[in-house]
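The block underneath contains the structure these notes are about, expressed in C-alpha cells.
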C-alpha cells in the first residue's frame with residue numbers, strides 16, 4: 001500500500017529545514033513541494049544573527065530540542081530556496 005499523497009513530493013509529512021538565499025531559515029513539516037516552491041506546516045523561522053544566533057546555531061538547536069511553531073503554514077517561493085533537507089540530517093551523531 002502506497003502513500004495517498006503522491007503529488008505532494010517525497011518529503012511530504014517530514015520535518016524539514018528550508019534555508020533561503022537571504023537571511024531567513026525555516027523549519028516545518030513539509031506539505032507540498034512543486035516547481036513553484038514549498039509549503040510548510042507548523043513553521044518556525046529564524047533571521048540570521050537574531051539574538052546572537054546564526055542560521056546554523058538555530059538549526060542545530062532545533063535538531064536537538066525541536067522547533068517551536070510560529071506560523072500555521074508558510075509558502076516559500078522556489079527562487080528564494082537555497083536548500084531543503086530533513087531536520088534529522090542535522091542531528092549530532
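Every read-out reported here was derived from the displayed coordinates using simple, explicitly stated rules and does not represent laboratory data. All of these numbers come straight from a predicted model, not from anything done at the bench. No Cβ is skipped: glycine too gets one built from the backbone with ideal geometry, and neighbour counts run over all protein chains shown.
Calculated FRET efficiency, residue 54 to residue 81, Cβ-Cβ distance, R0 = 22 Å: about 0.75 to the nearest 0.05.
Across the chain, C-alpha contacts under 8 Å between residues 6 or more apart give a mean separation that, scaled by the residue count, equals a relative contact order of 32 percent.
Rounded to the nearest whole angstrom, the semi-axes of the ellipsoid equivalent to the chain, taken from the Cα gyration tensor as √(5λ), stand at 22, 15, 11, largest first.
For the pair segment 58-93 / segment 19-36, the C-alpha centres are spaced 8 Å from each other.
Once the chain from residue 10 to residue 65 is taken as fully extended at 0.36 nm per residue, the excess over their C-alpha distance is 17.4 nm.
Between residue 35 and residue 47, the contour length at 0.36 nm per residue exceeds the Cα-Cα span by 1.8 nm.
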